[in-house]
Amino acid sequence: MSTVLQLASTGLLQGLLYSLIGIGLYLVFTVMRVVNFAHGYFVLIGMYGVLTLQPQGVLAFIGAIVVAALGGALVGYLVQRFLLESGLAKGGHSQLVITLSLGIAIQYLFQVLHPEPFETIPNPYPFEAFTSSGVTISAPRMAAGVLSLVLVLAVSFLVYRTRIGTIIRGCSESLNGAIHVGINVRRVYRLTFALGCGLAAIAGGLLLPIQPVSPALGLELTIKAFIVVVIGGAGSLWGTVAAGVLLGLAEALGSLYAPGTFATALVYGLFFLVILVRPQGLVVRATARIKPRKALTKVGVG
């Protein structure tokens with residue numbers, strides 16, 4: 001029983017990190033209808049950004065995450081501004097080609113800059129672990145899970161309780177309506193893509209003390225982000241969060257019954273089965289994307 005509790009606790013905290021990664025992809029897809037195949041590589045930007053700064057101590061670590069997040073958001077803004085905007089205008093599969101190519105370029109860039117595989121940083125926190133009822137959780141994992149939950153709640157508040165969120169949801173619900181009431185849709189798209197990439201970079205910074213980074217990790221994280229969004233329901237923020245937690249639990253508990261890579265294959269197989277049985281996702285609500293408020297007509301371009 002103690003082993004199960006240990007794995008379940010680890011899986012829950014890891015799942016909250018997956019949720020944070022998935023939320024960034026969820027925002028981009030829901031608002032812009034862009035399938036960002038480079039999303040996992042923005043997690044790498046956060047990981048390598050913190051690794052490059054080599055923070056010593058918790059305050060320096062938090063500062064390094066902020067810097068990495070700003071860097072990821074800036075790269076995301078520039079990608080949307082100079083690459084994806086023209087691709088969206090052309091339609092077709094241009095966005096797919098652009099994001100795939102971007103992910104490959106980022107991977108090779110990090111292979112050149114960091115030829116040493118599986119790099120990490122020491123525990124930046126002043127304590128090593130928490131122990132309760134026979135369950136021991138390392139400080140970096142506990143902090144990563146808690147901070148991921150806080151950020152998920154913050155994003156939920158932003159989307160559903162602020163004027164900016166109303167504008168974002170307005171663009172998601174009706175692009176023509178948003179343009180009609182004077183919203184600068186291009187600006188909303190740029191900021192949304194930057195926000196999604198910034199969240200991915202934050203997740204990467206939090207993940208670094210837990211999991212060593214390698215340039216090839218970007219593809220794995222991209223796949224997991226897509227699993228989280230698809231399983232959760234592409235129009236549901238909290239469905240994405242639930243799917244992230246389930247993925248973390250499935251990975252952790254699956255290792256108890258299946259060895260090594262077979263456990264990973266089993267987890268992905270189970271999620272594939274869920275997609276077949278319930279392709280609309282775990283959470284489907286008529287209000288998953290709330291209609292713009294009437295006050296939206298007063299927002300203007302800004």
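The values are calculated or read from the model by the stated rules, or taken from the named source; none is laboratory data. Note that this is a predicted model, so its numbers are computed, not measured. Glycine also receives a Cβ, built like all others from the backbone with ideal geometry; neighbour counts cover every protein chain displayed. Just the protein is used for accessible areas: all its heavy atoms, side chains included, with ligands, DNA and RNA removed. Shrake-Rupley method; radii C 1.70, N 1.55, O 1.52, S 1.80 Å.
Here is how the numbers come out for the structure above:
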{"quantity": "Gained length - Gln54 relative to Leu270, 0.36 nm times residue gap less alpha-carbon distance", "calculated": "73.9 nm"}
{"quantity": "P(r) tail fraction, region 62-197 - alpha-carbon pairs more than 19 Å apart, %", "calculated": "68"}
{"quantity": "Residue-span extension gain [Ser133 to Phe262] - 0.36 nm each, minus C-alpha spacing", "calculated": "43.4 nm"}
{"quantity": "Label zone at Leu83 (point 7 Å along Cα-to-Cβ), backbone N below 14 Å, region 21-52", "calculated": "35-45"}
{"quantity": "Alpha-carbon Rg/Rh ratio, for region 57-106, with Rh computed the Kirkwood way", "calculated": "1.19"}
{"quantity": "Whole-Hz ³J(HN,Hα) from phi, Karplus 6.51 cos²θ - 1.76 cosθ + 1.60, for region 2-8, glycine and proline x", "calculated": "4, 5, 5, 4, 4, 5, 5"}
{"quantity": "Where region 1-116 is the region considered: accessible area per residue in Å², 1.4 Å probe", "calculated": "44"}
{"quantity": "Computed over region 93-169, Cα set: Rg, Dmax in Å", "calculated": "19.5, 53"}
{"quantity": "Computed [θ] at 222 nm, helices only, for the chain once each DSSP H run of length n ≥ 4 contributes -39500 (n - 2.57)", "calculated": "-23500 deg cm²/dmol"}
{"quantity": "Net dipole in debye of region 67-164 [+1 Lys, Arg Cβ; -1 Asp, Glu Cβ; about Cα centre; nearest 20]", "calculated": "480"}
{"quantity": "Net charge dipole size for region 132-279 [Lys, Arg +1 and Asp, Glu -1 on Cβ; Debye, nearest 20]", "calculated": "500"}
{"quantity": "Relative contact order for the chain, counting Cα pairs under 8 Å that sit 6 or more residues apart, in percent", "calculated": "37"}
{"quantity": "Kirkwood Rh in Å, taken over region 171-234 so that all alpha-carbon pairs contribute", "calculated": "14.3"}
{"quantity": "Cα Rg, Dmax (largest Cα-Cα span) when computed across region 4-116, Å", "calculated": "16.3, 51"}
